[in-house]
Amino acid sequence: MEQAETALAERIAERRAGLGDPRALVGEMRRSTLLVPLADGGLWSARSGGVRWVCGFTDEAALARFALHHAPGGRSLEYAELLGARIVDEIVPSLGEPAGLAVDIATQDGSMFFPPVAGIVPDGAAVDTGEEGRA
């Protein structure tokens, strides 16, 4: 698992630097196991720009940076380990609203957003196909 997480963080760094292949980044996200905090009986998410973002982290250090600002009273966060593919193929479409995946949001210059568009989420959940809500 460590190697895949490192690979995703490396692909994110490449894209943020304007390098690398976006398809390779999406592929790496799909193959990677992400740590997703649990909250209120489900997965921790945030809404921004009309999109619900499921938040995932590439490793415990990235999750710990997030927990510093979002865990009540500085407590540790419980989390699920989920494949990126499961998040974007199953969980995102089940939310019933435009949703995507936000990775490492508490890592300065290391976050990446995977929006609800074709090629990332199933067409029925993508906002750019005209099929939203048919999933």
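The values are calculated or read from the model by the stated rules, or taken from the named source; none is laboratory data. Remember, it's a predicted structure, so these values are computed and weren't measured experimentally. With ideal geometry, Cβ positions are generated from the backbone for all residues, glycine too; neighbour counts draw on all protein chains shown.
Details
- Complete set of residues in region 68-83 that are modelled with pLDDT under 90 and either of a type in the set (Asp, Glu) or in a helix (DSSP H, G or I) (or both): Leu68, His69, His70, Pro72, Gly73, Gly74
- Qualifying positions in region 34-61 - closer than 13 Å to Ala106 by Cα and either assigned to a loop (DSSP other than H, G, I, E, B) or among the acidic types (Asp, Glu) (or both): Thr58, Asp59, Glu60
This table checks each residue for (1) outside any loop (DSSP other than H, G, I, E, B); (2) modelled with pLDDT of 95 or more.
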{"site": "Gly100", "(1), (2)": "yes, yes"}
{"site": "Thr107", "(1), (2)": "no, no"}
{"site": "Gly110", "(1), (2)": "no, no"}
{"site": "Pro116", "(1), (2)": "no, yes"}
{"site": "Thr129", "(1), (2)": "no, no"}
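A quick yes/no check of all residues on (1) in contact with a Leu (Cβ under 6 Å, 6 or more places away or on another chain); (2) touching a residue at least 12 places away in the same chain (Cβ under 8 Å); (3) surrounded by 16 or more Cβ atoms within 10 Å (Cβ to Cβ); (4) within 17 Å of Ala126 (Cα to Cα):
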{"site": "Leu35", "(1), (2), (3), (4)": "yes, yes, yes, no"}
{"site": "Gly49", "(1), (2), (3), (4)": "no, no, no, yes"}
{"site": "Glu60", "(1), (2), (3), (4)": "no, yes, no, no"}
{"site": "Val92", "(1), (2), (3), (4)": "no, yes, yes, yes"}
{"site": "Met112", "(1), (2), (3), (4)": "no, yes, yes, no"}
